[in-house]
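Undergrad: My questions will all concern the structure given below.
The values are calculated or read from the model by the stated rules, or taken from the named source; none is laboratory data. For clarity, every value in this text was computed on a predicted model and none was experimentally measured. All Cβ positions, even for glycine, are placed from backbone atoms using ideal geometry, and neighbour counts span all protein chains on display. What goes into the accessible areas is simple: the full protein's heavy atoms, side chains included, and nothing from ligands, DNA or RNA. Shrake-Rupley method; radii C 1.70, N 1.55, O 1.52, S 1.80 Å.
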Amino acid sequence: MVLGDLSMWGYTAGAVKYYSVLWTGSDNVYAQETVMTVSPWDGSGTRCTFYTPVDRAYFATYNLTYPSIPYLAHAYYDGTYLVDFGGSSEWPDLGGAYLRILKFPLTVGDTWPALDTCHAFPGERFPIPDEDLDGIPDSIYYDTSYATTTYLNGDTVEVYVYPMVAVRLYTASGYSGDTFYCCNRFTSYYYLRFRYVRGIGMVFLSIDSILTYMTYTMIDTSTGDTMPVPPYLIGRYINYQVWEYTTTAVAERPGENSPFILRKEGVLRTEEDVSVYSSDGRLVIYLKGGDAIRLKPGIYFIRSRKGVSKVVVR
């Protein structure tokens, strides 16, 4: 089996997939993934340069059961690896890592470093927002992680990541008597399973478990003694989340109840209040019931009290 290009794995502009999603403590919901664009990319914005441009897909995923703004991500093929979840806003840790999901040629038992080094080396720190609210930006880095091809039969391939390791470094500090507490470190271990099918792409994703450990440093200000606190478990999530591809459009919403009308000339007329978003999640305009607007060619998401709908203006 040869990759060839992204289209062999479902990354074709306009392609749509539906997933049934189940995670710990939640009811089953449905999600839709839409490939917005597939375009040549030379590695700009990373440490890599592809002298022969590679295909890079830009796709959006959003919850159909509880409508929300789409989550955005990238995927690309560098000649050896299919890299997925790039910059994913749905799974910030996985997306920040840019995971090498498939390695070609596909071989059962083949093992490789799962971290895409065009975007991050193990231990390389990247700034993240001030999550501990102390006014100082925090940071994240990814530790050495591995993936293995565990199954291959015809057009179906399965991969296990064991685990993907993300470490968040916080700067918040404080005193308790003569003891100074500093620099919380949260290390999360993601155990992941994937199944891809040629012509479709990802048909199964399981976050089997997430284990998170915390450590910090204590300093006795009266003596100067420093004592790192050994990592201890603060969170354990088992069978955290499962995504399964569904071949039926069970998640689609009936068109006859649509709160808007899109005419051939690109004129969108709405019968109730709606918000119009571009394919990258930016608000284009808010329309009140009875309003109309002529949209430029492109892909848009229309959000109303009935849910989120996708429209394509040609």
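Undergrad: Tally up the carbon and sulfur contribution to the accessible surface of the range 1-124 as a whole percent, 1.4 Å probe, everything protein left in place. It would help to have the intermediate numbers written out before the result.
TA: On the way: 2790 of 4970 Å².
Taking all protein chains in place, the range 1-124 shows 56 percent carbon and sulfur surface.
Undergrad: Please state the charge dipole magnitude for the range 72-158, taken about the Cα centre, from unit charges on C-beta atoms (+1 on K and R, -1 on D and E), reported in debye and rounded to the nearest 20. Working shown, then result.
TA: Details: 3 positive and 15 negative charges, 93 e Å.
In total the dipole reaches around 440 debye.
Undergrad: Find out how many positive minus negative residues lie around residue 50, taking Lys and Arg as positive, Asp and Glu as negative, among other residues whose Cβ is under 11 Å from that of residue 50. Mind dumping the intermediate values first?
TA: On the way: positive: 56; negative: 42, 55, 78.
That sum, taken over residues with Cβ under 11 Å, equals -2.
Undergrad: Tell me, what is the FRET efficiency for residue 171 and residue 150 to the nearest 0.05, using R0 = 45 angstrom and their Cβ-Cβ distance as r?
TA: Details: r = 40 Å, r/R0 = 0.88.
E between residue 171 and residue 150, to the nearest 0.05, is 0.70.
Undergrad: Same structure again: Search the structure for amide H atoms under 5 Å from the amide H of residue 172, placed 1.01 Å from N in the peptide plane, and list their residues when 5 or more places away or on another chain.
TA: Placed amide hydrogens put 183, 184 under 5 Å from residue 172.
Undergrad: Listed highest first by mean packing, meaning other Cβ atoms within 10 Å per residue, what order do 130-137, 50-57 come in? List each step's numbers first, then the result.
TA: Details: 130-137: 12.4, 50-57: 15.6.
In decreasing order of mean packing, 130-137, 50-57 become 50-57, 130-137.
Undergrad: Spin-label point model (7 Å from Cα, Cβ direction): what's the residue 185 to residue 314 distance in nm?
TA: For residue 185 paired with residue 314, the spin-label model returns 5.6 nm.
Undergrad: Quick one: P(r) of the chain from all Cα-Cα pairs, 20 Å bins, percents rounded to integers, in order of increasing distance.
TA: 28, 52, 19, 2
Undergrad: If you take the square roots of the eigenvalues of the alpha-carbon gyration tensor of the range 9-103 and sort them as a ≥ b ≥ c, do you get rounded (a/c under 1.5), prolate (a/b over b/c) or oblate? Display every interim value, and only then the final one.
TA: Details: a/c = 2.35, a/b = 1.87, b/c = 1.26.
It comes out prolate by the Cα gyration axes.
Undergrad: Run the helix sum for the chain: -39,500 (n - 2.57) per DSSP H stretch of 4+ residues, divided by residue count, reported at 222 nm to the nearest 500 deg cm²/dmol. The partial results should precede the final answer.
TA: Values: 1 runs with 6 residues, N = 314.
Calculated at 222 nm, the ellipticity per residue is -500 deg cm²/dmol.
Undergrad: Can you give the FRET efficiency for residue 214 and residue 13, using 1/(1 + (r/R0)^6), R0 = 41 Å, r = Cβ-Cβ distance, to the nearest 0.05? Numbers along the way, then the final one.
TA: Numbers: r = 43 Å, r/R0 = 1.05.
Once the sixth-power term is evaluated, E becomes 0.40.
Undergrad: Over the chain, calculate the relative contact order: mean separation of alpha carbon pairs under 8 Å at least 6 apart, over the residue count, as a percent.
TA: Details: 791 pairs, mean separation 40.3, N = 314.
For the chain, the relative contact order is 13 percent.
Undergrad: Classify the range 35-189: rounded, prolate or oblate, from the alpha-carbon gyration tensor (a ≥ b ≥ c, eigenvalue square roots; a/c under 1.5 rounded; otherwise prolate if a/b is larger than b/c)? The partial results should precede the final answer.
TA: Details: a/c = 1.97, a/b = 1.69, b/c = 1.17.
Prolate, since a/c reaches 1.5 and a/b exceeds b/c.
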